[in-house]
Ligand code: GUN
């Protein structure tokens, strides 16, 4: 079994991005990212902090907006519109999910597609579906694809099963894997919570992307001997032996699945760091395009 070290791969990519940031700054352009969080969800707060911190480490400009859960739709859209017009900001990210009184689609549609570094705006969703190289691709699936490429996993002709159909991961992941070219050319099946005999479908995968958001859902009987498993899940569960009483687990029951795999990503230290690296990459790309 080969452990795919997402943290180390992400660090290597961040070094390359750092060089691009330095070159842009030398020409008077500092890539800037605005991260907006509505409400107090602790996991979302941790993600937002981590995005902000990585920006600073790379010498990028970052602005963090932590708004109360009572923020209205109109206030949020007004902030997005202000950021659209701000020449220091090249990327805008509104952390998902927002509180239930906010219409997320309307907020996403308010973002200038040229600053939509999450790749959630319908213009970018369409571009990804069309295979347009100018698309902003959602960071998590982009990071998964990059991990497969960096780890030397052949996707062409492989049967890839994507477990999960979210806007953020599953749907775009399936599109990327079926695209023509490196990291694509796979035969793709999308499985989800309503799939009949989901274990059998997953067991037919050469490459299994677990993004269903259920702790340790993928057990050994879901995995073919010699498969590659990418675990997108980040689930906090109770653990009486841990100092704070909780621990992070993926969507994969790692201990029982890993021995069957050709390669597998750990949680933490797998997909998570890659998502942030791809966000930085998208923000640098946005800065370049907005200044060319
Ligand atoms: N929530 C979970 N993942 C993401 C992400 O990549 N972007 C945003 N905006 N929200 C998320």
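Under the classification rounded if a/c is under 1.5, otherwise prolate if a/b is larger than b/c and oblate if not, where does segment 101-239 fall, given a ≥ b ≥ c as square roots of the Cα gyration tensor eigenvalues? Let's see the in-between values first.
Numbers: a/c = 2.06, a/b = 1.34, b/c = 1.54.
It is oblate, given that a/c is not under 1.5 and a/b is not larger than b/c.
Quick one: helix 73-84 against the long Cα principal axis of the chain, what's the angle to the nearest 10°, folded into 0 to 90?
Taking the Cα atoms of the chain, the angle to 73-84 is about 70 degrees.
Apply the a/c threshold of 1.5 to the C-alpha gyration tensor of segment 126-194 and tell me whether it is rounded, prolate or oblate.
rounded
For the chain, just say rounded, prolate or oblate: build the C-alpha gyration tensor, square-root its eigenvalues into a ≥ b ≥ c, call rounded for a/c under 1.5, and beyond that prolate if a/b exceeds b/c, oblate if not.
Here the chain falls in the prolate category.
Taking the Cα atoms of segment 30-162, report the difference between the largest and smallest coordinate on each principal axis, in whole Å and largest first.
Projected onto the principal axes, the Cα atoms of segment 30-162 cover 49, 31, 30 Å.
What order, most packed first, do the peptides 84-94, 36-46 have when packing is the mean number of other Cβ atoms within 10 Å of each residue?
Final packing ranking: 84-94, 36-46.
List 167, 173 from most exposed to least, where exposure is judged by having the fewest other Cβ atoms within 10 Å.
Numbers: 167 16, 173 29.
Ascending number of Cβ neighbours within 10 Å: 167, 173.
For the chain, set up a GNM with springs between Cα atoms under 10 Å and report which of 153, 264, 209 has the largest fluctuation.
153
For helix 6-26, report the angle its Cα long axis makes with the longest principal axis of the Cα atoms of the chain; keep it between 0 and 90° and round to the nearest 10°.
Result, in degrees: 20.
If one takes the longest principal axis of the Cα atoms in the chain, at what angle in degrees, from 0 to 90 and to the nearest 10, does the Cα axis of helix 271-290 lie?
40 degrees
Here, each number is a calculation from the coordinates, and none is a lab measurement. This structure is a prediction, so every number in the text was calculated from the model and none was measured. Here the Cβ is made from the backbone with ideal geometry for all residues, glycine too, and neighbour counts use every protein chain on show.
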